[in-house]
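As structure tokens, the structure follows; a few thoughts come after it.
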Amino acid sequence: MKLTLLACTFGALLFTALPRAMAASFDCSKAANATETLICKNAKISALDDKLQQTYMESLAVVAPSSKKALIEEQRHWITYTRNVCQDETCLQQTYTARIAVLARNEKDIINKLSCVLPNGGTACTNVVAYRDPSIRIQSFNQSLAHAKHSGKIISCGRLISLPVGTVGSNNRFGGICTLSDDSQRKTVEICDDDMFGHFELQPGESQDVSDKTLIDFTYEHCFGG
């Protein structure tokens, strides 16, 4: 009896000492990449993941039917192009905190902000659209990189704007502050392209915190002409 009790006690202590997968919005036993593994091993980040999932479901419940698809796509993009490019706990904490703040606004409509700005070199006010989801142009940016035979790949964008020209359906010029991965090195870049004339430009960026005006001027200068 004493041996049985001792064995049970030792087993319980051993079980307690073993690392356990933390709660998360996905099954930790099926973590698909290094980022998900990091989330599951860190209690603080896993708690943020739980909070994000709850906030996302609340946002889905109040968003207008016309914006529901956009919100779902935006969340998928955030997972792929923002969360999954983090390589350490600090990045994940900052990324989760920022995303939770956006979702917690519980906006009924997912709307990109429209403003009118006078770019450097411009003679009239130019319409500027600032996208809430900065990831929607990543595939196009990478196609432009490949067409220009430029090495590397855009893996994330923190800012995206467009300078629409003419009527709906005409050419849009897009500019982004993005992360370029090249030979296992990551660097911030300013990039722009369009859908019609084949404009494309890429230059080093100082940081993801560059001002909207700087990005607008870059896009206007390099990708706005006909």
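No value in this document is a laboratory result; all are computed from the given coordinates. For clarity, every value in this text was computed on a predicted model and none was experimentally measured. A quick note on method: Cβ atoms are made from the backbone with ideal geometry, for glycine too, and the neighbour counts reach across all protein chains shown.
Given a cut-off of 32 Å, name the pairs among K51/K187; K30/K51; K108/K187 whose C-alpha atoms lie farther apart than that in the structure shown.
Values: K51/K187 30 Å; K30/K51 20 Å; K108/K187 35 Å.
Beyond 32 Å: K108/K187.
I'd like the orientation of helix 65-81 relative to the chain: the angle between its Cα long axis and the longest Cα principal axis, in ° from 0 to 90, rounded to 10.
70
Please identify which residues in the stretch 101-116 have an amide N closer than 14 Å to a label point set 7 Å out from the Cα of V62, following the Cα→Cβ vector.
Counting only backbone N, you get 101-110.
Between D88 and A104, 0.36 nm times their residue separation minus their Cα-Cα distance comes to what?
Details: separation 16, 0.36 × 16 = 5.76 nm, distance 2.44 nm.
My answer for the length gained is 3.3 nm.
Cross-link list K68/K113; K69/K113; K149/K213: which exceed 25 angstrom alpha carbon to alpha carbon?
Details: K68/K113 18 Å; K69/K113 18 Å; K149/K213 29 Å.
As for pairs spanning more than 25 Å Cα to Cα, those are K149/K213.
If you line up the long axis of helix 212-223 against the longest principal axis of the chain, both from Cα atoms, how many degrees apart are they, to the nearest 10?
Between the helix axis and the principal axis of the chain, the angle is about 60 degrees.
Taking each pair of different alpha-carbon atoms in the stretch 113-223 once, compute 1/r for the pair, average those values, and report the inverse of that mean as the Kirkwood hydrodynamic radius in Å to one decimal. Each step should come with its number before you reach the end.
Values: mean 1/r = 0.0715 Å⁻¹.
Averaging 1/r across every pair of different Cα atoms and inverting gives 14.0 Å.
For the chain, state the semi-axes of the equivalent ellipsoid (square roots of 5 times the eigenvalues of the alpha-carbon gyration tensor), sorted largest first and rounded to whole angstrom. Write down the numbers at each step before the final one.
Details: eigenvalues 384, 84, 35 Å².
In descending order, the three semi-axes are 44, 21, 13 Å.
For every helix of n ≥ 4 consecutive DSSP H residues, a contribution of -39,500 (n - 2.57) applies; sum these over the chain, divide by its total residues, and give [θ] at 222 nm rounded to the nearest 500 deg cm²/dmol. Could you put the intermediate results ahead of the total?
On the way: 7 runs with 98 residues, N = 226.
Taking each H run of at least 4 residues, the total per residue is -14000 deg cm²/dmol.
Can you pull the one-decimal nm distance between simple spin-label points at C125 and Q54, each 7 Å off the Cα toward Cβ?
Using points 7 Å along Cα→Cβ, the separation is 4.4 nm.
Give the aspartates and glutamates reachable from K41 as a straight Cα distance under 20 Å; neighbours fewer than 8 places away on the same chain don't count.
Hits, sequence-local ones excluded: D27, D49, D50, D88, E89.
Could you go through the stretch 119-134 in sequence order and give the Karplus-derived ³J(HN,Hα) for each residue, using 6.51 cos²θ - 1.76 cosθ + 1.60 with θ = phi - 60°, rounded to whole Hz, and x for Gly and Pro?
Per residue, the Karplus-derived 3J(HN,Hα) values read x, 4, x, x, 10, 8, 4, 10, 5, 10, 9, 9, 7, 5, 9, x Hz.
List, in order, the whole-Hz ³J(HN,Hα) value for each residue of the stretch 186-200 obtained from phi through the Karplus relation with A = 6.51, B = -1.76, C = 1.60 and θ = phi - 60°; use x for Gly and Pro.
Couplings: 10, 8, 7, 9, 9, 9, 9, 7, 9, 9, 10, 9, x, 5, 7 Hz.
Could you work out how much longer the chain between S115 and M196 gets when fully extended? Use 0.36 nm per residue separation minus the Cα distance between them, nm to one decimal. The partial results should precede the final answer.
On the way: separation 81, 0.36 × 81 = 29.16 nm, distance 2.28 nm.
Extending this stretch completely gives an extra 26.9 nm.
Sort 120-127, 139-146 by the packing proxy (mean of other Cβ within 10 Å over each peptide's residues), most packed first. Please list the in-between numbers first.
Details: 120-127: 11.4, 139-146: 16.8.
Final packing ranking: 139-146, 120-127.
Taking a ≥ b ≥ c as the square roots of the eigenvalues of the Cα gyration tensor of the stretch 33-85, is the shape rounded (a/c under 1.5), prolate (a/b larger than b/c) or oblate?
Numbers: a/c = 4.62, a/b = 1.72, b/c = 2.68.
Because a/c hits 1.5 or more and a/b fails to exceed b/c, the stretch 33-85 counts as oblate.
When only C-alpha pairs under 8 Å and at least 6 residues apart count, what is the relative contact order of the chain, in percent?
Answer for the chain is 12 percent.
Taking only Cα atoms, what is the 0 to 90° angle, nearest 10, from helix 43-62's long axis to the longest principal axis of the chain?
60
Please label the shape of the stretch 184-226 as rounded, prolate or oblate, based on the square roots a ≥ b ≥ c of the eigenvalues of the alpha-carbon gyration tensor (a/c under 1.5 means rounded; beyond that, a/b larger than b/c means prolate, else oblate). Before the final figure, lay out the partial values.
Values: a/c = 3.26, a/b = 1.48, b/c = 2.20.
It is oblate, given that a/c is not under 1.5 and a/b is not larger than b/c.
For the stretch 48-81 and the stretch 124-158, compute the distance between their C-alpha centroids and round to whole Å.
Each part's Cα centre sits 22 Å from the other's.
Mind pulling the per residue volume of the convex hull built on the Cα atoms of the stretch 43-170? Å³ is fine.
Values: hull volume 18.7 nm³, N = 128.
Per residue, the Cα convex hull of the stretch 43-170 comes to 146 Å³.
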